Each structure stands twice: as C-alpha cells, then as structure tokens.
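A short write-up of the structure that comes next.
The values are calculated or read from the model by the stated rules, or taken from the named source; none is laboratory data. Since this is a predicted model, take the numbers as computed values, not measurements. Positions of Cβ are backbone-derived with ideal geometry, glycine not excepted, and every protein chain shown enters the neighbour counts.
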Amino acid sequence: MSDFFKRAGLPKGLLWGFVGVLIFMMGDGVEQTWLSKYITDHGFNSADLFAVYGVTVAISSWLSGVIAETFGVKRTMLAGFIMYALGVAGFAGIGMSQMNFPVLMATYAVKGLGYPLFAYTFMVWITYRVEQDTLSSAQGWFWFVFTGGLNVLGAYWGIFAYTHLGVQATLWSAIVFAVVGAVFALWVNRSPSDNKFVSADEPRGGRIKALFKGLSILGREPKVLLGGIVRIINTTSQFAFIVFLPLYMFEYGLSETQWASIWAIIFLFNIIFNLVFGIVGDKIGWNRTITWFGCIGCAVSVLLFYYSPQILNQYWFILLCGSLWCICLAGFVPLSALVPSLVESDKGAAVSVLNLGAGASAFVGPLLVRALSKSVGYDGIAWTLAGLYLVSALLMRFIGDRREK
C-alpha cells in the first residue's frame, strides 16, 4: 500500500486531510449550477452577487497562506470553517428566506471569506510536509479533491437536492458537509502541521513580523507576481461561465438538469487530469506543461466550448467541447509547485499569491461579465477570455522553471 501512495504521488500522512477537503468543498458546490438563474429569476443581478463574493474570496485567499504561517494551519482552517458556516447560515436562513438582496450579498461575502481559509490553507500544509520532487503530484491531488468536491459531487448533489428538497434544504446541507469535512481534515487527520523544512518554529514575534513581510513578496519577487497573474487567468473563465453560460445555453434549448449534468461531467475530466498533469509536470517540466496544455489549450478550448451549441447543438457535442476545456484547465496544476519553488523562504507567502490569484478569478470572472455583456455581448466575453490565456502563455516565458534546462 505504501508503494501505491508513493507511485501515485499522494502523501499518505495527509490522506484524511484530502478526504476532509473533498467533503467540505461538496458543501461549497451545492448552489453553483442553479443560483445564477434563481437570482436572475427573482429580479436581481447575479453578476453583482458573484462579484462581491469574489472580492472576499480574493482577500481571504491572499491572506490564507501568510495567516497560516503566522498562526498555524489548523487554527487558520478552523477559523475558515467557522466563518463559512456563519455565512451559509445567514445566506440561507435570512437572505434567501426573505429574498433580501443586501443581506444575500453580505452573507455570501462572509461565506467567501471562509472557504479559502479552510481549503487553501491545506495547500500550505502540503508544502510543509511534501518533498519538492513530488510536490506537483501532491498539488494535483489537492486540486483533484477540491474540484471533485466543488464541481462534481457538489454539483450533482446540488441539482438533486434543489429539485427534490428545495432551495432552503439544499443550502443548509452545505453546513453538514462542512462540519464533516472539518472533522476529517482537522481531527481525524493526524499529520504534523509544522514545516519540516525549517529547523525550528520562529518565535511568535517573528511570526507576526513575517505576516507583514510576506505581504511585500510581490515587490521582492517579480516572478511570483507573474505567477499570481497567471493563476488569476487560469480560472477566470470558470467563474465567468458560472454567471452567463447557463443563461446562454438555455437559449439553445438545454434544460437546467442537462446543464447541471454537463457541468458535473466535464469537471470529472478536470479532476482526473489534475492528477495527470501533476505527474506530467514532474516528468516534462512545470513551465512547459502549463504553457502548452494550460495556456494554449485553454485559449482554443474556451472558444470551442462557447461556440459548441452554434456549431452542433447536440448534448454530446457540447459535453465533448466542455470536457476539452476542463482538461486544459488542469494543465495549470504545476503552477502550485512552480511558484513556491521560485523562493528559498517565505513559501507560505508565495502560496498566498497563488491563493490570491485563485480567489481573484472569482471576482474577475463575474466582473468581466458585468462590464462587457452589454457592450460586446457573450461573444465578446468569450474572445476576451481566449485572449487572456494567450497573455498567460507570454507571461510563462518570463517566469521560467529551475527544473527545465
């Protein structure tokens, strides 16, 4: 069994932590296939809701790694769980029951502060315990459970519960998943939470000082800054699609159930290739994998997915094109190993930059839809997304890779 874990690049000591993240993210994914239409049908602008949510996700994502280095990964994850549960409770119990849009935005924003502190801090935990030669594979497993919970299992459960149990029960179930996930990640998981690559923990005063030092990493390490920009571009299309693509696909005759099944199935391919590209990155080079499979692949596939109902309005063809897009999204997985490797110390701060990028994309995607939908329409948004991926390919040339010769 130990040989299996080693060959798969899965850190055995962190196994229950991975399980916890998977279950937690199932809760975070219950509303993503139906919430945009539900909010729109009630006369509100879903892009505004997702944009405000994206701002808090970005802030929390940015701070998660540095806070984890300052206060410890377990405390940070626990704080994230508590904030997430409070946000969901307010969103479901007050905002949705009264359809009060200011309350919906405020509580959804609190929810957005919570999940990155839980999930992305676990990525710091991985960098603390995994050797560099298998770090890309381990990060692939992180994105496997993160995406598998959020976009596959969460999406399937969400559309089932929404159809059979209703809105309120579906949203409250998210807290149940979060509780179970937190128990697995923080208590069943017995892995040490200290950084084994440093000789000793810094004194508390040093940690507080490191919090502010870590915030300056963007100025001190320009390649880390570029890596953060690439990370923003990576999933901007995903969060833009959540806002407008369901509405666009419904115009071509897809039902809500069909769209939810497409979204869940294509991300099943994504989680599989999160593992594949994690291993490929360790074999052929992190930068090379990101550039060709991630940047160039997404530039082509994001347009193919968007235009698929116009090319051939068949369920299987839309599913095929969407799967290709999700496979290419996974090509960015080695970025989680590449960026921390660019610095000798402050790896938690480097991870925070990646987390900021991941969170910022949750804001940039809806913002693009909000800004461009009236002026250039959905077509213009799709071409803008493709152009951003080409820009990311150019940025990767400046980042380089110490492992590639």
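Brief remarks follow.
- Flag if Ile233 is without any contact (Cβ under 8 Å) to a residue 60 or more places away in the chain and in contact with a Cys (Cβ under 9 Å, 6 or more places away or on another chain): no
- Subset of region 94-104 [surrounded by fewer than 18 Cβ atoms within 10 Å (Cβ to Cβ) and touching a residue at least 12 places away in the same chain (Cβ under 8 Å)]: Ile94, Ser97, Met99, Phe101, Val103
- Unique residue being out of contact with any Leu (no Cβ under 8 Å at 6 or more places or on another chain) and free of Cβ contacts under 8 Å to residues at least 40 places away in the same chain when the list is Gly112, Gly154, Gly166, Gly158: Gly166
- Where helices (runs of 4 or more DSSP H) fall wholly inside region 104-216, the ranges with 3 or more residues that are modelled with pLDDT of 90 or more and of a type in the set (Phe, Trp, Tyr) are 154-164.
- Looking across Leu319, Leu329, Leu335, Leu304, one residue alone is buried (at least 24 other Cβ atoms within 10 Å of the Cβ) and over 21 Å from Leu117 (Cα atoms). It is Leu329.
- Of all residues in region 311-356, those satisfying the criterion of being closer than 21 Å to Ala299 by Cα, without any contact (Cβ under 8 Å) to a residue 40 or more places away in the chain and in a helix (DSSP H, G or I) are Ile311, Phe317, Leu320, Cys321, Leu324, Cys328.
- When Thr107 is tested against (1) free of Cβ contacts under 8 Å to residues at least 12 places away in the same chain; (2) under 21 Å from the mean Cα position of the chain (by Cα), just one condition goes unmet, and that condition is (1).
- Put simply, of Phe81, Phe44 the only residue that is out of contact with any Gly (no Cβ under 6 Å at 6 or more places or on another chain) and not in a helix (DSSP H, G or I) is Phe44.
- Candidate set: region 245-258, residues that are among the aromatic types (Phe, Trp, Tyr) and at pLDDT 95 or above; chosen: the one farthest from Gln32 (Cα to Cα): Tyr252
- Looking across region 308-334, just one residue is within 17 Å of Ile242 (Cβ to Cβ) and of a type in the set (Val, Ile, Thr), and that is Ile318.
- Every residue from region 8-34 that is in a helix (DSSP H, G or I) and farther than 22 Å from Val179 by Cα: Ala8, Lys12
- Restricting attention to region 362-405, the residues that are within 30 Å of Ser341 (Cα to Cα), of a type outside the set (Phe, Trp, Tyr) and not in a loop (DSSP other than H, G, I, E, B) total 16.
- Some residue of region 24-35 being out of contact with any Lys or Arg (no Cβ under 9 Å at 6 or more places or on another chain), among the acidic types (Asp, Glu) and free of Cβ contacts under 8 Å to residues at least 12 places away in the same chain: no
- Residue selected from region 40-73 under the condition surrounded by fewer than 22 Cβ atoms within 10 Å (Cβ to Cβ) and touching a Ser or Thr at 6+ places or on another chain (Cβ under 8 Å), by the criterion farthest from Ile381 (Cα to Cα): Gly72
- Residues satisfying the stated conditions in region 67-123, i.e. within 15 Å of Tyr53 (Cβ to Cβ) and of a type in the set (Val, Ile, Thr): Val88, Val103, Thr107, Val110
- Within region 125-143, the set of residues being surrounded by 22 or more Cβ atoms within 10 Å (Cβ to Cβ), among the β-branched types (Val, Ile, Thr) and either more than 19 Å from Ser191 (Cα to Cα) or in contact with a Lys or Arg (Cβ under 9 Å, 6 or more places away or on another chain) (or both) comprises just one member, Thr127.
- Qualifying positions in region 144-158 - farther than 12 Å from Leu268 by Cα and either surrounded by 24 or more Cβ atoms within 10 Å (Cβ to Cβ) or acidic (Asp, Glu) (or both): Gly158
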